[in-house]
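*Asks:* I am attaching a structure below and will ask some questions about it afterwards.
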Amino acid sequence: MHRAPRRSLLPHAPLCGTLAYANNDFGVIVGYYTDPQVVPHAFVRTPDGHITPFNAQGDGERAGLNQGTVAYAINDFGAIAGQFQDSNYLFHGFVREPDGKITPFEAMGAGTGAGQGTIAWGINLEGATAGVYIDDGNNEHGFSVPATAWFHPSIQRNRSAPWSARKPA
């Protein structure tokens, strides 16, 4: 049976709006919208049109600064990868589990200045993430984080891994 398209509206800033970045095989879409105060908020949209906005704890949400949370990828299990920018303009990667739990992380070597940090672009079916990090010299590098990082917290303490994870406060 063919269903008519359903239009979903989110409040957005003039000339900003909503951007869908990815969808999974079940038609679930992720992306972000910029609210009237120019704050990006990530969202998940189900095939029936239900939208759930979310923000990572610690993102910058002051008006006019364009800091906030962006979802870039979703796998078929509903795990989401993305980035958020804090009030110091530092990027942090995150994985959002299907139950809504968000785990932020930093790639080893990521810079700590404005415009630097970790950006997670993708997540596969096993939960491994990949993306880029910007170092202290403003150079971009690729990274990958194994799926075991999200499912076996003891591995997060392995200092030889090329990333580090931290729990939200």
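The values are calculated or read from the model by the stated rules, or taken from the named source; none is laboratory data. Only a predicted model underlies this, so the values are computations on that prediction, with no experimental measurement involved. Positions of Cβ are generated from backbone atoms using ideal geometry, with glycine treated the same way; all protein chains shown enter the neighbour counts.
*Asks:* Filter the range 108-131 for residues that are closer than 24 Å to LEU65 by Cβ and either without any contact (Cβ under 8 Å) to a residue 24 or more places away in the chain or not in a strand (DSSP E or B) (or both) and give the result.
*Replies:* If the condition is that a residue be closer than 24 Å to LEU65 by Cβ and either without any contact (Cβ under 8 Å) to a residue 24 or more places away in the chain or not in a strand (DSSP E or B) (or both), then ALA110, GLY111, THR112, GLY113, ALA114, GLY115, GLN116 are the ones that fit.
*Asks:* Name the one entry in PHE43, PHE105 that is in contact (Cβ under 8 Å) with a residue 60 or more places away in the chain and part of a strand (DSSP E or B).
*Replies:* Exactly one residue qualifies, and that residue is PHE105.
*Asks:* Restricting attention to the range 52-59, does a residue exist that is crowded, with 22+ Cβ neighbours inside 10 Å, at pLDDT below 95 and of a type outside the set (Lys, Arg)?
*Replies:* Looking through the range 52-59, at least one residue is crowded, with 22+ Cβ neighbours inside 10 Å, at pLDDT below 95 and of a type outside the set (Lys, Arg).
*Asks:* Which residue is surrounded by the most Cβ atoms within 10 Å (Cβ to Cβ), if the candidates are limited to the range 63-84 and must be polar (S, T, N, Q) and either modelled with pLDDT of 95 or more or closer than 22 Å to LEU125 by Cα (or both)?
*Replies:* Per the criteria, the residue is THR69.
*Asks:* Of all residues in the range 50-65, which are among the aliphatic types (A, V, I, L, M) and closer than 26 Å to PRO98 by Cβ?
*Replies:* Correct list: ILE51, ALA56.
*Asks:* OK, next. Any chance the range 1-8 includes a residue that's modelled with pLDDT under 95, assigned to a loop (DSSP other than H, G, I, E, B) and within 27 Å of ASN139 (Cα to Cα)?
*Replies:* No: the range 1-8 contains no residue that is modelled with pLDDT under 95, assigned to a loop (DSSP other than H, G, I, E, B) and within 27 Å of ASN139 (Cα to Cα).
*Asks:* So, one more: Can you tell me which residues in the range 46-77 are in a loop (DSSP other than H, G, I, E, B) and either under 13 Å from VAL95 (Cα atoms) or touching a helix residue (DSSP H, G or I) at 6+ places or on another chain (Cβ under 6 Å) (or both)?
*Replies:* Of everything in the range 46-77, those that are in a loop (DSSP other than H, G, I, E, B) and either under 13 Å from VAL95 (Cα atoms) or touching a helix residue (DSSP H, G or I) at 6+ places or on another chain (Cβ under 6 Å) (or both) turn out to be ASN55, ALA56, GLN57, ASN75, PHE77.
*Asks:* If you don't mind, there's one more thing I want to ask. Scan the range 60-88 and report the pairs whose first residue is farther than 18 Å from THR46 by Cα and in contact (Cβ under 8 Å) with a residue 12 or more places away in the chain and whose second residue is surrounded by fewer than 21 Cβ atoms within 10 Å (Cβ to Cβ) and among the aliphatic types (A, V, I, L, M), with Cβ atoms within less than 8 Å and a gap of 6+ or a chain change.
*Replies:* From the range 60-88, the pairs are ALA63/VAL38; GLY64/VAL38; LEU65/VAL38; ASN66/VAL38; SER87/LEU65; ASN88/ALA114.
*Asks:* Counting only residues that are buried (at least 24 other Cβ atoms within 10 Å of the Cβ), out of contact with any Pro (no Cβ under 9 Å at 6 or more places or on another chain) and farther than 20 Å from ALA22 by Cα, how many does the range 106-124 have?
*Replies:* Qualifying residue count for the region: 2.
*Asks:* Does THR18 count as at pLDDT below 95, within 16 Å of the chain's Cα centre (by Cα) and buried (at least 18 other Cβ atoms within 10 Å of the Cβ)?
*Replies:* Taking the combined requirement at face value, the residue does not satisfy it.
*Asks:* For PRO47, are the conditions met, namely being more than 15 Å from the chain's Cα centre (by Cα), at pLDDT 90 or above and surrounded by fewer than 17 Cβ atoms within 10 Å (Cβ to Cβ)?
*Replies:* It is true that PRO47 is more than 15 Å from the chain's Cα centre (by Cα), at pLDDT 90 or above and surrounded by fewer than 17 Cβ atoms within 10 Å (Cβ to Cβ).
*Asks:* Let me ask another. When you look at GLY137, is it buried (at least 21 other Cβ atoms within 10 Å of the Cβ) and either among the small types (Gly, Ala, Ser) or without any contact (Cβ under 8 Å) to a residue 12 or more places away in the chain (or both), yes or no?
*Replies:* When the stated conditions are applied, GLY137 does not pass them.
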